[in-house]
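Let me begin by presenting the structure, written as structure tokens, before commenting on it.
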Amino acid sequence: MQLQTLQDLFEHEVSDLYSAETQLVTALPKMAQAASHDELRKAFEQHLQETRDHVRRLEDIRGQIGSSMSDECEGMRRLIQEGNEFVSAVGDPVVKDAALISAAQRVEHYEIAAYGTARTLADELDLGDAKDLLDQTLDEESNADKLLTKIATGGMFKAGINQQARS
Ligand SMILES: [Fe+2]
């Protein structure tokens, strides 16, 4: 890897994110399907739509900077691998939903960190259009993370436990 300039690093970051997002486009439908809670399934489905936009924005940026670098995002591959263990797990649906949220929030925080760096580099390199696109995605990742927290703390566990107590 050549890291002579901030532009080199920016191209690498964008390429890494592109790999991460395309992996997520494949992973999110499985997470949606594995979710029991309605709101959680919808959150995954909604974030899948957003993730397709994230891929498109990165394609845009790659076009703008003339980069066709292709990195494999190993970090995201491992996070998804861990999430897949929850997807295929058997057990209490409420606990499984909690596990899916745990995996999804790890993914969101990874992305928030990466987009934070990428938008700062774009700013530093005076790539205003790229910075705006990265900011839009960063906002959507933060909102997705907050929504997952809201679902997890919004009585999901209590409702599930009550249901168990009644049966
Ligand atoms: Fe994303």
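Taking the longest Cα principal axis of the chain as reference, the axis of helix 74-87 is set at about 10 degrees.
Taken per residue, the accessible surface of the chain reaches 54 Å², heavy atoms only and a 1.4 Å probe. Pairwise Cα distances in the chain exceed 23 Å for 41 percent of all pairs.
Note on the chain: with charges restricted to the Cβ of Lys and Arg (+1) and Asp and Glu (-1), its dipole about the Cα centre is near 1040 debye. What is the helix-to-structure angle for 6-34, meaning the angle in degrees between its Cα long axis and the longest Cα principal axis of the chain, kept from 0 to 90 and rounded to the nearest 10? It works out to around 20 degrees.
Note on the chain: with neighbouring protein chains present and a 1.4 Å probe, carbon and sulfur make up 50 percent of its accessible heavy-atom surface.
Across His54, His12, His109, the residue with the most accessible area heads the list, and the full order at a 1.4 Å probe is His109, His12, His54. Sites listed here are GluC sites (Glu not before Pro) in segment 70-167 whose DSSP assignment is loop and whose Cβ has at most 14 other Cβ atoms within 10 Å: Glu72.
Taking only C-alpha pairs under 8 Å that are 6+ residues apart, what is the relative contact order of segment 57-167 in percent? If you can, show how the numbers build up before the last one.
Working: 57 pairs, mean separation 27.9, N = 111.
In percent, rounded to a whole number, it is 25.
Helical content of the chain, expressed as a calculated mean residue ellipticity at 222 nm, amounts to -29000 deg cm²/dmol (DSSP H runs of 4 or more residues, -39,500 (n - 2.57) each, divided by residue number, nearest 500).
The values are calculated or read from the model by the stated rules, or taken from the named source; none is laboratory data. All values reported here derive from a predicted model rather than from experimental measurement. Virtual Cβ from ideal backbone geometry, glycine too; neighbours counted across all protein chains shown. Surface accessibility is based on the protein's heavy atoms, side chains included, excluding ligands, DNA and RNA. Shrake-Rupley method; radii C 1.70, N 1.55, O 1.52, S 1.80 Å.
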